[in-house]
Each structure stands twice: as C-alpha cells, then as structure tokens.
Amino acid sequence: MIRHIAATIATVLVCMSVPAQNTEAIISNLIGKIEKDGVKCEATIHSISNPDGDGAKATLKMKGERYCMTTPESSYWYDGKTLWYGITLDGNIIETYISEPTSEGAALSNPFLMMKHHEGFDISASDSKTIELAAKDRKNGSYGIKEMTVILDNGGFPSEIRLRMNTDDGFIIRIDRYAIGGIDDTDFTYPAAKWPDAEIIDLRL
C-alpha cells in the first residue's frame with residue numbers, strides 16, 4: 001500500500017493546475033524543484049468504503065531520487081542506493097529490512113521515478129477543479145493504479161484524490177499540506193539510534 005500512496009501523491013503533485021498550464025511544463029518544473037530543493041507532503045488516507053472515518057496520517061519527503069515515506073504501519077527510507085523498510089507496532093519500528101534494489105526495483109517503489117515516467121496515464125481536465133487520470137493499460141493499471149480523480153482547491157492545489165486500484169479496491173487521500181524545500185539530507189537514511197531494539201534483517205548478505 002505504501003508504494004501506491006507514494007505514487008499517488010507524486011502523480012497528483014505533478015498535475016497541479018493542469019487546466020491552466022501545459023502538463024509537460026508543470027512536470028518538468030516540479031521535477032526540477034524536487035531535484036534541487038525537495039518536497040514534503042502530509043496527507044490523511046481513508047478507505048474508499050469509509051471516506052468519513054478517522055483515516056491514517058502519512059508523510060512523504062522527496063529530493064531527487066531519494067525519498068522517505070511514513071504511515072502508522074510502516075516506513076521507507078531510500079538514500080539513492082540503500083532502501084530501508086520498517087514495520088511499525090505501537091508507534092515503534094520493530095523490524096527493518098535493508099536492501100539495495102536494482103534500477104527496476106527502485107523504479108517500482110520510488111515516487112520520483114514514477115513521476116518521471118508518468119506516461120502510463122492519460123490526463124484530462126473535466127473542469128477547472130477536477131483532473132481525471134486513467135491508466136493506459138486498463139487491465140493491469142500503471143503501478144497498480146487504474147484511475148484517479150483529483151479535486152483542486154481555489155488556489156489550484158490538490159485537496160483530495162480518489163484512487164481506484166486495478167483490483168477495484170481503493171482509497172481517498174486528502175492532502176493536508178505540502179511545501180517545496182526544507183528537506184534535510186538525513187531524512188533519507190534510516191535513524192537506527194531511534195529504534196535500537198528493532199530487529200535488522202539485511203537482505204544484502
């Protein structure tokens with residue numbers, strides 16, 4: 001699920017203000033900002049079957065190909081070479097898996113690379129505040145995503161994303177806030193000292 005959330009947020013950030021501007025220009029501009037300054041985002045995730053429930057909080061930070069994604073259940077840290085995947089229980093990481101993904105594996109879990117290779121979606125704007133994204137591969141989806149509906153606020157920023165997977169389940173992501181910049185390079189490295197009792201499973205061996 002974490003990969004789908006990251007891909008969704010990244011794709012939505014790409015599509016800001018599509019009705020008013022050229023899509024490719026927006027993508028190029030945002031990729032440049034992420035490579036130089038980074039971006040951070042906070043969101044609340046709801047099941048599509050329970051859109052008014054409490055939801056789960058998530059954060060995503062990206063700078064170039066590096067990223068950190070955190071939910072109440074699990075977290076990812078990727079520094080451009082090493083990927084740490086932590087499983088959370090009662091607010092603490094209890095297991096951490098370490099790997100060095102291949103370029104193909106990195107592309108499947110890295111929201112920045114998904115953003116750069118967004119060609120898997122057809123993008124259209126039904127009105128000034130609604131953006132529709134449909135996977136060109138309707139059978140398999142793009143990164144497991146079949147379609148998205150993005151609702152923009154009055155300032156042209158995404159406020160809600162309705163996502164349907166290729167398995168026809170789905171969820172709703174409400175963007176609470178996001179900002180360009182303010183990223184610390186240490187954000188992309190697993191903070192081992194914070195969870196000294198976590199079991200480390202090194203898949204690189």
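Considering the range 70-99, the residues that are over 20 Å from the mean Cα position of the chain (by Cα) and either more than 21 Å from Asp197 (Cβ to Cβ) or not in a strand (DSSP E or B) (or both) include one that is modelled with the highest pLDDT, namely Asp90. Is it true that Asp168 is at pLDDT below 80 and either on the phi > 0 side of the Ramachandran plot or open to solvent by 30 Å² or more (accessible area, probe 1.4 Å) (or both)? Yes; evaluated as a whole, the condition is true for this residue.
Restricting attention to the range 183-202, which residues are in contact with a Ser or Thr (Cβ under 6 Å, 6 or more places away or on another chain) and either open to solvent by less than 80 Å² (accessible area, probe 1.4 Å) or of a type outside the set (Val, Ile, Thr) (or both)? Ala198, the sole residue that qualifies.
Checked against (1) modelled with pLDDT under 60; (2) more than 15 Å from Ile173 (Cα to Cα), Ser28 passes all but condition (1).
Taking the range 146-179 as the range and being over 28 Å from Ile93 (Cα atoms) and of a type in the set (Val, Ile, Thr) as the test, the residues that pass are Thr149, Val150, Ile151, Ile161, Thr167. Going through (1) under 21 Å from Thr186 (Cβ atoms); (2) at pLDDT 90 or above one by one, Ala106 falls short only on (2).
The values are calculated or read from the model by the stated rules, or taken from the named source; none is laboratory data. Given the structure is predicted, the values throughout are model-derived calculations rather than measurements. In this analysis, Cβ positions are derived from the backbone assuming ideal geometry, glycine residues included, and neighbour counts consider all displayed protein chains. We work out accessible area using only protein heavy atoms, side chains counted, and drop any ligands, DNA or RNA first. Shrake-Rupley method; radii C 1.70, N 1.55, O 1.52, S 1.80 Å.
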